[in-house]
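Peer 1: Got a structure here, written out as structure tokens. Questions coming.
The values are calculated or read from the model by the stated rules, or taken from the named source; none is laboratory data. None of these values were measured; they are calculated from a predicted model. Just so you know, the surface numbers come from the protein's heavy atoms only, side chains and all, with ligands and any DNA or RNA stripped out. Shrake-Rupley method; radii C 1.70, N 1.55, O 1.52, S 1.80 Å.
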Amino acid sequence: TDVPGCRDLVQHEVTGLLVPYGDAAALAESLRRLLLDRDLARRLGNEASVSVTRHWHLEQTFAAYAAEYASTLGARGVVNRPD
């Protein structure tokens, strides 16, 4: 669905299909499209795979989480003490 997080990963009609949050009819229609148009499903899947491989490495994800935790803890006055 077209919500934060999903829209960071999915480009509508490029790497997937985004539908409005809570719109069951739009979700059903998108699923119907993918089931009936195998070329579309294959193209979107291939593009999604390339995009994830290119932009979403585990090391980058871990570093982003670590930076977010450090920022949040620092803002709350928590000090990182080495053991």
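Peer 1: Using Cα pairs closer than 8 Å and at least 6 residues apart in sequence, work out the relative contact order for the chain, in percent.
Peer 2: 23
Peer 1: Show that you can apply the helix-only estimate: for the chain, add -39,500 (n - 2.57) for every DSSP H stretch of four or more residues, divide by all residues, and state [θ] at 222 nm to the nearest 500.
Peer 2: Values: 4 runs with 53 residues, N = 83.
Roughly -20500 deg cm²/dmol at 222 nm, from the helical runs in the chain.
Peer 1: May I pose another question? For the chain, what does the alpha-carbon gyration tensor say about shape, rounded, prolate or oblate, given a ≥ b ≥ c as the root eigenvalues, a/c under 1.5 as rounded, and a/b over b/c as prolate?
Peer 2: Since a/c reaches 1.5 but b/c is at least a/b, the shape of the chain is classed as oblate.
Peer 1: How much of the accessible area of the chain, probe 1.4 Å, is carbon plus sulfur, in whole percent?
Peer 2: 59
Peer 1: Using just the Cα positions, wrap the range 1-47 in a convex hull and report its mean projected area in square nanometres, one decimal place.
Peer 2: For the range 1-47, averaging the hull's shadow over all directions gives 3.0 nm².
Peer 1: Kindly write out, for the range 34-44 in residue order, the coupling ³J(HN,Hα) from the Karplus curve 6.51 cos²θ - 1.76 cosθ + 1.60 (θ = phi - 60°), rounded to whole Hz, with x marking Gly and Pro.
Peer 2: 5, 5, 8, 10, 5, 5, 4, 4, 5, 5, 4
Peer 1: How much accessible area per residue does the chain have, counting only protein heavy atoms and a probe of 1.4 Å, in square angstrom?
Peer 2: That works out to 81 Å² per residue.
Peer 1: Now a separate question. Once you keep just the Cα pairs under 8 angstrom separated by 6 or more residues, what percentage relative contact order results for the range 1-42?
Peer 2: Values: 27 pairs, mean separation 11.9, N = 42.
For the range 1-42, the relative contact order is 28 percent.
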